[in-house]
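Trainee: Sending over a structure as structure tokens; questions will come in a sec.
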Amino acid sequence: MILPLHRLDVDFSERHAAVLDLARQAGGFDVRLVRLAAGDYLIDNAVLVERKTPRISPRPSPTGGSSRKPPPCLAAHTARSC
């Protein structure tokens, strides 16, 4: 039996996501379904992940990234942003 190495809080909105099943099958995670104020996954109360479904943009940004600012709830979260 693998002991949990990391805590993974998963927002209820992601309860049917494949990532949740993979984390449970892999072991090493203490997986908890919770209501997160921001993001979809919170790892070890330090890394906040917002999962997005990719979509094809008709005009990619010239800088290669998004020029939009993060929503205030993500910008103010205490977890590190990537």
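FYI, it's all coordinate maths here, none of it is from the lab. All of these numbers come straight from a predicted model, not from anything done at the bench. Cβ placement follows ideal geometry from the backbone for every residue including glycine, while neighbour counts extend to all protein chains displayed.
Trainee: Measuring from label point to label point, each 7 Å out along Cα→Cβ, what is the HIS16 to THR53 span in nm?
Mentor: 1.1
Trainee: Let me ask another. Amide H neighbours of ARG7 under 5 Å, at least 5 residues apart or on other chains, H built in the peptide plane: list them.
Mentor: ASP30, ASP44
Trainee: Taking the highest mean first, how do the peptides 5-14, 20-29 order by number of other beta carbon atoms within 10 angstrom per residue?
Mentor: Highest mean packing first, the order is 5-14, 20-29.
Trainee: What does the charge add up to near ASP11, with Lys and Arg as +1, Asp and Glu as -1, over the other residues with Cβ less than 11 Å from its Cβ? Before the final figure, lay out each step's value.
Mentor: On the way: positive: ARG15, ARG32, ARG35, ARG51; negative: ASP9, GLU14, ASP40, GLU50.
Net of charged neighbours comes to 0.
Trainee: What does the charge count around ASN45 come to, taking other residues whose C-beta lies under 10 Å from its C-beta (Lys +1, Arg +1, Asp -1, Glu -1)? Kindly include the intermediate steps, with their values, before the conclusion.
Mentor: Numbers: positive: ARG7; negative: ASP9, ASP44.
Combined, the nearby Lys, Arg, Asp and Glu give -1.
Trainee: Between ILE43 and ALA26, what length comes free when the chain is fully extended (0.36 nm per residue of separation minus the Cα-Cα distance, one decimal in nm)?
Mentor: Contour length minus Cα-Cα distance gives 4.6 nm.
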